[in-house]
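Have a look at the structure below, then the notes.
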Amino acid sequence: MTAADRIAERIGALADELVALRRDLHAHPEPSWEEHRTTRVLRERLAAAGIDSEVAPSGTGVVATIGVGGPVVALRGDIDALRMHDTKEVPYRSTNDGVCHACG
């Protein structure tokens with residue numbers, strides 16, 4: 001089994017949990033520089049996985065480092081939402097009026 005196969009297998013095992021996390025974050029959007037709940041939730045999930053993290057210097061966002069030395073891979077993702085109404089009719093629709101995740 002290749003490394004890619006092992007990674008795909010582990011991600012597959014976490015699929016339901018990852019979808020639930022995404023839906024939770026989607027239902028609780030926060031605009032730029034106000035992502036305090038999102039930051040807390042992400043740090044809690046990383047800690048549960050044994051990954052140390054810290055709040056980004058801006059006060060929102062997360063910085064986590066896994067391992068030391070060697071080649072480095074950086075992953076970055078936006079966590080801010082847009083100031084617009086969520087028009088989707090789904091169970092994980094925004095609970096914050098006038099704010100929603102709508103970027104892809």
Residue ID - farthest from the chain's Cα centre (by Cα), chosen from residues in the range 76-91 that are closer than 20 Å to Ala20 by Cβ and of a type in the set (A, V, I, L, M, F, W, C): Val90
Residues of the range 77-104 being surrounded by fewer than 12 Cβ atoms within 10 Å (Cβ to Cβ), among the small types (Gly, Ala, Ser) and on the phi < 0 side of the Ramachandran plot, in sequence order, are Gly77
Name the residue that is farthest from the chain's Cα centre (by Cα), counting only residues in the range 51-60 that are surrounded by fewer than 14 Cβ atoms within 10 Å (Cβ to Cβ) and not small (Gly, Ala, Ser). Pro57
Across (1) surrounded by 15 or more Cβ atoms within 10 Å (Cβ to Cβ); (2) in a loop (DSSP other than H, G, I, E, B), Ala74 clears everything bar (1)
If we scan the range 40-47, do we find a residue that is of a type outside the set (D, E, K, R), surrounded by fewer than 13 Cβ atoms within 10 Å (Cβ to Cβ) and within 23 Å of Arg10 (Cβ to Cβ)? yes
Working only within the range 49-71, note down all residues that are in a strand (DSSP E or B), closer than 20 Å to Leu18 by Cβ and among the aliphatic types (A, V, I, L, M). Val62, Ala64
Unique residue being touching a residue at least 60 places away in the same chain (Cβ under 8 Å) and under 20 Å from Ser94 (Cα atoms) when the list is Glu30, Glu17, Glu34: Glu30
Pairs with Cβ under 7 Å, 6+ apart, first in the range 91-103 and more than 10 Å from Asp24 (Cα to Cα), second hydroxyl-bearing (Ser, Thr, Tyr) and in a loop (DSSP other than H, G, I, E, B): Cys100/Ser94
Go through the range 61-71 residue by residue and tally those that are exposed (fewer than 10 other Cβ atoms within 10 Å of the Cβ) and among the small types (Gly, Ala, Ser). 3
Sort out which residues of the range 28-48 are in a helix (DSSP H, G or I) and either more than 15 Å from Asp80 (Cβ to Cβ) or among the charged types (D, E, K, R) (or both), and write them in order of number. Arg37, Arg40, Arg43, Glu44, Arg45, Leu46, Ala47, Ala48
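Just so you know, all these numbers are worked out from the coordinates, no wet-lab data involved. Predicted model, so just to flag it, every value in this text is computed and none were measured. FYI the Cβ positions are ideal-geometry reconstructions off the backbone, even for glycines, and counts take in every protein chain you see.
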